[in-house]
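Have a look at the structure below, then the notes.
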Amino acid sequence: MIMTVHSVAQDANAVENNYSYFGAFAGYGYIMNATSLQVLRGSADCGAFSDGKASGMLAGLSYDYTLFPKFLQISGRLFFASRPADLTTQTSAYQVFDPIENKYASLVQEFFFQSSLKYLVFDLGAKVFPLEEWPLYVRLSVDAGNPMFGNSVNQYESIIQPESALFPDGTRRRIMFSGEVTGASTSLGANGAIGADFEFQPRWFISPEVSYRHGIGSIVRDAEWKMNIIQARIGVLYELGHPVEKPIKVDTVIPPPPPPPLPPPVTVHSVSSQTLEVQETFVTQTYPLLPYIFFDSARTELSDKYKQNVDDNFNEQSLPRETLTTYYSSLNIIGKRLSRNKDTITIIGATDGRELPSFAQRTKLARERAESVADYFRSAWNIPKERLKIQTRDIPSIPSNDKYVEGIEENRRVELSSKNEQTLSPVIHAKFLEFAPLITQQTLETSVKHSNPASSWNATLTLGTATLGKVFGDGSPPAQLTIPVDASVLTSAADASSNNEMIRGVVQVTFSDGTISEAATQFPLKRSKNQIEVSRLSLIVFDFNRSDISAQNRDMMSIFVNKSVSEKSKVTIVGSTDRLGEKQHNQELSQARAESARELLKQLQPKLNIESAKGIGSSSLQYDNDLPEGRYYCRTVSIEITTPIQLTPSE
């Protein structure tokens with residue numbers, strides 16, 4: 001078959017004129033502020049701010065006029081530029097009395113200067129194209145800008161040391177000044193840039209550019225302050241005034257394309273003596289509820305993490321088997337239970353004892369926090385007001401140590417209590433399947449036959465949509481190809497897959513001529529049943545630096561042991577702490593917690609086979625210790641009971 005198409009030739013008589021470009025652009029600026037700006041303008045007592053870095057943006061219009069085609073253009077730009085500044089400095093010029101250390105100590109203060117200057121900038125320069133074959137250019141220019149679109153500043157001061165020092169308003173951070181940058185004036189700069197104008201459509205160009213701006217003079221009248229900026233921008237240009245050549249139609253004969261080559265043969269199949277295997281274990285896990293709801297300093301709004309979109313179909317058994325996810329659903333868990341059992345719950349609001357100046361203010365704050373929790377129970381679960389008993393405390397009855405910032409943070413909370421133990425009882429996921437991989441690699445046998453050599457290959461194992469493992473290399477794949485498997489991915493995929501779902505192995509080969517071929521095999525995922533049943537419990541609300549077991553934990557352990565223990569059971573106990581405190585002290589505290597649990601278990605079941613009771617201190621933090629709830633859930637004793645499964649004769 002012969003194909004005829006029309007192609008375009010250019011008129012040889014076309015005249016090359018001077019021409020111009022109109023464009024728009026936007027970009028990013030990395031701002032290097034060089035300044036000796038005094039903390040208190042006109043006074044050197046509090047020192048001066050050091051240099052600071054910030055990020056800004058720019059956007060505007062450009063016009064380029066050609067003086068010498070393909071060599072020199074006059075270039076002008078008018079644009080908006082956001083040029084913020086974040087400046088800091090520290091001083092220690094004064095002495096204050098520290099009641100904690102009972103002596104005078106240096107008052108270390110940190111000052112923050114955060115400004116936002118928004119300029120209208122005019123930039124005039126020249127673009128030189130040194131290489132005729134490439135659209136690269138060098139641009140030199142000067143600019144002048146006025147902060148007519150915005151001129152604002154917030155200046156703060158905060159106390160770093162000692163921890164006991166406060167400003168007269170009872171805070172450790174306060175605003176010094178908010179308003180305009182004094183003396184802000186015209187900003188001048190010299191610019192050097194490297195860029196390129198790439199044509200992507202007739203008359204249309206995309207123009208990336210990187211530049212450096214050196215500030216000339218100070219941007220304020222009464223102090224030294226320069227802004228040097230590294231800028232990256234991207235623009236679009238439209239060409240004006242260039243002659244357009246008329247197309248000349250020419251008939252061109254194009255031969256038909258050759259037929260596509262047949263895919264090269266690649267074969268693959270599984271040759272492992274044992275296929276991938278996971279072991280299924282019946283697990284019962286108890287997730288105790290931490291009866292504390294935490295608040296930010298001086299705030300009464302309930303955090304969004306405690307709020308969930310729920311309805312009458314909410315079921316705590318449908319929650320993910322994760323400790324903190326269960327905790328963040330605790331208000332809905334308790335609300336659902338209150339809607340069923342008609343119980344009364346006590347909601348106790350507390351403060352850290354210092355976040356507001358007066359006792360009356362803090363009492364009001366504590367009550368409003370308790371009211372926020374009560375309002376959630378009323379709005380989300382229709383719990384009547386008379387069943388929600390509100391109390392307040394200046395600090396919790398068992399406060400965390402306010403020697404630590406984290407301890408102060410933990411005391412800003414609402415505590416929940418109920419005479420009905422079922423209202424705050426743990427969430428129990430009973431006899432669910434937990435998967436553990438026993439074999440974590442698979443071998444495939446490959447065979448490649450092709451007239452051209454192989455340049456590269458890759459091999460992948462998948463189960464459903466999950467990628468279990470992937471390997472790759474140059475040349476041809478080995479005849480015996482072993483693929484390591486990600487154990488965590490295999491565990492999750494096995495939990496989500498059906499019993500008869502197949503694992504798929506795919507080998508793809510790329511040849512030197514650019515052709516790609518692949519082959520696949522599949523095999524079942526082997527599942528075996530563990531003959532041991534596992535029960536787990538983590539005790540919570542070990543308060544700060546405490547190892548004694550609360551009445552709530554005693555009740556949980558009693559119920560847990562009675563349901564989980566037989567004469568053939570084996571028990572392991574692990575105590576842990578959060579990150580606060582000395583390492584050796586945490587080790588001793590975690591061991592004391594483990595021993596307390598061991599003694600109570602022996603009281604409940606004197607013949608119980610306890611294989612170990614050890615403390616690990618803060619060596620393995622399972623939860624985020626930047627969060628109050630994460631620290632509380634690390635103050636725990638984890639108890640694991642393994643019991644042989646009793647098989648029937650038919651099994």
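The values are calculated or read from the model by the stated rules, or taken from the named source; none is laboratory data. Every value quoted in this text rests on a predicted model; they were computed, and no experiment measured them. Reconstructed Cβ throughout: ideal geometry from the backbone, glycine too, with neighbour counts over all protein chains shown. Side chains are part of the model used for accessible areas, which takes the heavy atoms of the whole protein and leaves out ligands, DNA and RNA. Shrake-Rupley method; radii C 1.70, N 1.55, O 1.52, S 1.80 Å.
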Completion exercise
Of the residues in region 76-111, those that are open to solvent by less than 40 Å² (accessible area, probe 1.4 Å) and among the hydroxyl-bearing types (Ser, Thr, Tyr) come to SER82, THR89, THR91
Practice task
Six or more apart or on different chains, Cβ under 8 Å: which pairs go from a residue in region 65-85 that's over 28 Å from SER187 (Cβ atoms) to one that's of a type in the set (Val, Ile, Thr)? Could you list them?
Solution key: LEU67/ILE74; PHE71/VAL128
Practice task
Pairs only if they're at least six apart or on different chains, beta carbon under 6 angstrom, first in region 409-437 and more than 16 Å from LEU319 (Cα to Cα), second open to solvent by 30 Å² or more (accessible area, probe 1.4 Å) and part of a loop (DSSP other than H, G, I, E, B); list them, first residue then second.
Solution key: ASN411/ILE395; ASN411/PRO399; LEU424/SER418
Fill in the blank from the handout: The strands (runs of 3 or more DSSP E) lying entirely within region 392-461 that contain at least 2 residues which are modelled with pLDDT of 85 or more and farther than 19 Å from ASN553 by Cα are 413-417, 441-448
Exercise for the section: Answer yes or no: is there a residue in region 279-298 that is closer than 30 Å to LEU166 by Cβ and among the small types (Gly, Ala, Ser). Expected result: yes
Practice task
Would you kindly identify the strands (runs of 3 or more DSSP E) lying entirely within region 481-590 that contain at least 2 residues that are closer than 30 Å to PRO644 by Cβ and open to solvent by 60 Å² or more (accessible area, probe 1.4 Å)?
Solution key: 526-529
Completion exercise
The condition of being open to solvent by 80 Å² or more (accessible area, probe 1.4 Å) and closer than 27 Å to GLU421 by Cβ holds, among ARG593, ARG635, ARG598, only for ARG598
Practice task
Look through region 166-194, keep the residues that are open to solvent by less than 70 Å² (accessible area, probe 1.4 Å) and in contact (Cβ under 8 Å) with a residue 60 or more places away in the chain, and return whichever of them is farthest from PRO99 (Cα to Cα).
Solution key: ASN191
Fill in the blank from the handout: Scanning region 601-632 for residues that are of a type in the set (Lys, Arg) and over 19 Å from ASN586 (Cβ atoms), the one surrounded by the fewest Cβ atoms within 10 Å (Cβ to Cβ) turns out to be LYS607
Exercise for the section: Looking only at region 46-54, decide whether some residue is in a strand (DSSP E or B), acidic (Asp, Glu) and touching a residue at least 24 places away in the same chain (Cβ under 8 Å). Expected result: no
Practice task
List the number of the failed condition for GLN646; all other conditions in (1) modelled with pLDDT of 90 or more; (2) part of a loop (DSSP other than H, G, I, E, B); (3) open to solvent by 60 Å² or more (accessible area, probe 1.4 Å) hold.
Solution key: (1)
Exercise for the section: Report whether or not SER116 is of a type in the set (S, T, N, Q), modelled with pLDDT under 85, on the phi < 0 side of the Ramachandran plot and open to solvent by 30 Å² or more (accessible area, probe 1.4 Å). Expected result: no
Handout entry: Failed condition for TRP204, given (1) closer than 30 Å to VAL128 by Cα; (2) under 34 Å from the mean Cα position of the chain (by Cα); (3) open to solvent by 80 Å² or more (accessible area, probe 1.4 Å)
Key = (2)
Problem - Within region 56-67, tally of residues that are open to solvent by 50 Å² or more (accessible area, probe 1.4 Å) and within 16 Å of GLU239 (Cβ to Cβ) - result: 4
Practice task
Could you list, in sequence order, all residues of region 606-624 that are touching a helix residue (DSSP H, G or I) at 6+ places or on another chain (Cβ under 7 Å) and outside any loop (DSSP other than H, G, I, E, B)?
Solution key: ILE610, ALA613, LYS614, GLY615
Problem - region 275-297, residues that are assigned to a loop (DSSP other than H, G, I, E, B) and either in contact with a Phe, Trp or Tyr (Cβ under 7 Å, 6 or more places away or on another chain) or open to solvent by less than 20 Å² (accessible area, probe 1.4 Å) (or both) - result: THR275, LEU276, PRO288, LEU289, LEU290, PRO291, PHE295
